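Only one structure is covered here, and it is reproduced in the block below.
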Amino acid sequence: YPQVTVDFQADHIDRRIKMEDGVPQPTKAKFFVGGLAAETTEDDLRNHFEQFGELVDVAVMKDQYGVPRCFGFVQFADENLHTCKPTDEHIILDKKVDTKPLGARVLDTQSSFAAGTCDSA
């Protein structure tokens with residue numbers, strides 16, 4: 001199948017996603033991190049995920065007013081050298097977070113991200 005790349009223009013993280021037949025294909029180097037505590041910083045994300053391999057980018061998303069959106073992204077330097085597994089439990093600031101390869105679209109109606117709110121608990 002032919003591969004097409006879609007480029008999302010958002011902030012500073014590389015968000016190109018491989019597409020096959022119009023379906024996004026997960027990447028092994030870039031991860032969505034959802035359900036973050038509102039006070040989570042990029043340093044908090046970096047401190048957690050750098051234990052799995054070299055990071056080239058970390059982003060915690062905020063709205064236009066600087067209010068946390070409670071999700072972010074991490075990108076490893078090499079998809080073949082990191083040991084991060086989205087199926088493992090990831091705890092940041094005493095909160096379990098959802099980790100998915102970028103491009104994997106899984107809708108979880110129970111997650112704080114799906115509800116569009118930050119859950120400080």
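Does segment 16-42 hold any residues that are closer than 17 Å to residue 57 by Cβ, among the aliphatic types (A, V, I, L, M) and modelled with pLDDT of 65 or more, and which are they?
Passing the criteria: 29, 33, 36.
So which residues in segment 82-119 are assigned to a loop (DSSP other than H, G, I, E, B), modelled with pLDDT under 85 and either aliphatic (A, V, I, L, M) or open to solvent by less than 100 Å² (accessible area, probe 1.4 Å) (or both)? Write out each step before concluding.
Taking segment 82-119 and keeping what is assigned to a loop (DSSP other than H, G, I, E, B), we get 82-89, 93-94, 102-111, 116-119.
Applying the additional criterion that residues be modelled with pLDDT under 85 yields 102-111, 116-119.
Residues satisfying the conditions are 102, 103, 104, 106, 107, 108, 111, 116, 117, 118, 119.
Does any residue in segment 31-47 that is at positive phi and touching a residue at least 60 places away in the same chain (Cβ under 8 Å) come within less than 9 Å, Cβ to Cβ, of a residue that is open to solvent by less than 30 Å² (accessible area, probe 1.4 Å) and in a loop (DSSP other than H, G, I, E, B) six or more places away or on a different chain, and which pairs are these?
Sorted first by the residue in segment 31-47, then by its partner, the pairs are 35/111.
The values are calculated or read from the model by the stated rules, or taken from the named source; none is laboratory data. Treat the numbers as computed from the prediction; the structure is a model and nothing was measured. Ideal geometry is used to build each Cβ from the backbone, glycine not excepted, and the neighbour counts take in all protein chains shown. Remember, those area values only see protein heavy atoms, side chains included, never the ligands or the DNA or RNA. Shrake-Rupley method; radii C 1.70, N 1.55, O 1.52, S 1.80 Å.
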